[in-house]
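Laboratory data are not the source of any read-out in this text; all were calculated from the coordinates shown. Remember, it's a predicted structure, so these values are computed and weren't measured experimentally. Glycine gets a Cβ as well: all are built from the backbone with ideal geometry, and neighbour counts include every protein chain shown.
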Amino acid sequence: MVGRRTVLAAALGLAAGCAAPARQAPVAVDGPGAVDSPSAVRPPAPPSREQVLARYAGRAPHEWGTDLPGVVATVPGGALALTFDACGGPGGDGYDAALIDTLRRLWVPATLFLNSRWVDANPGPSAELAADPLFELGNHGTAHRPLSVTGRSAYGITGTADPAAAYDEVAGNRAKLTALLGRAPGWFRSGTAHYDEVAVALVGEAGERAAGFAVNGDGGATFTPGQVAGAVAAAPPGSIVISHFNHPDAGTGAGYARALPAMLDAGCRFVRLSDGA
């Protein structure tokens, strides 16, 4: 899922987001250096499905990809936002408990994007993660499809066919996560992180923000531990980093375990998306 925003720091000569001269406590929730939790003020209820579809009927998109207006790929303030997807179904129903344990041990907050099928396959871990204030849970779709209103595909995965299918891809899992969390999720990332601009607007209509990424931390769970560690450690300040926690046999967990201690020693700050964007 390497898009135009993906940062290759070695090639670009960019500094990592961990350049403080002395160690700071990692930003965490209910721990040392804790950040405030997302606002307790509830937004107004989103419009109904019928209202949204009537508003978007006939709109033709002109853009497609991971890097579109309205897709958030950075956070302010020089922190890093680590995000991890759990794709579910053919994308994998595994659970990288070692990676999650590393984040907990080091008090590193993260945003975890859960697909509906992954939640169904992992009810225990899903409930445990929902109850852990170190993590924010985001919506990774109902069927893990690229979000399109014309059926565009990415990486061989067929996108949603029309506005109704795009809305349902967001809203179906939104309802599941709302039941799990006791509140609606604030963020959505499509399967493959691809969108068209009409679909991005539909995400907003459903009451969520579209998440992208600036750095691909694990190459879709294909990187070795060394490649993961190098990509994450080189992330420029303000980057949203995308990785996966549904492939425990991949190099993701070991790569983060290798990279994070040195990043924390260098003063790197980490935030959940709702804390930093």
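I'd like the distance separating the alpha-carbon centroids of the range 86-132 and the range 51-70, in whole Å. The range 86-132 and the range 51-70 have Cα centres separated by 30 Å.
What length, rounded to one decimal in nm, is gained on full extension from Arg49 through to Arg104, with 0.36 nm per residue of separation minus their alpha-carbon distance?
The span from Arg49 to Arg104 would gain 16.0 nm if fully extended.
Judged by the mean number of other Cβ atoms found within 10 Å, the most tightly packed of the peptides 257-270, 63-76 leads the ranking 257-270, 63-76.
D by Stokes-Einstein for the range 148-277, Kirkwood Rh over Cα pairs, 10 °C, 1.306 mPa s: 98 µm²/s.
Would you please give the FRET efficiency between Thr224 and Tyr155, computed as 1/(1 + (r/R0)^6) with r the Cβ-Cβ distance and R0 = 25 Å, to the nearest 0.05? Each step should come with its number before you reach the end.
Working: r = 20 Å, r/R0 = 0.81.
So the FRET efficiency works out to roughly 0.80.
Can you work out the FRET efficiency for the pair Arg59 and Ala127, with r the C-beta to C-beta distance and R0 = 35 Å, to the nearest 0.05? Working from the Cβ atoms, E equals 0.40. Compactness of the range 171-242 was expressed as the Cα radius of gyration divided by 2.2 N^0.38 Å, which yields 1.33.
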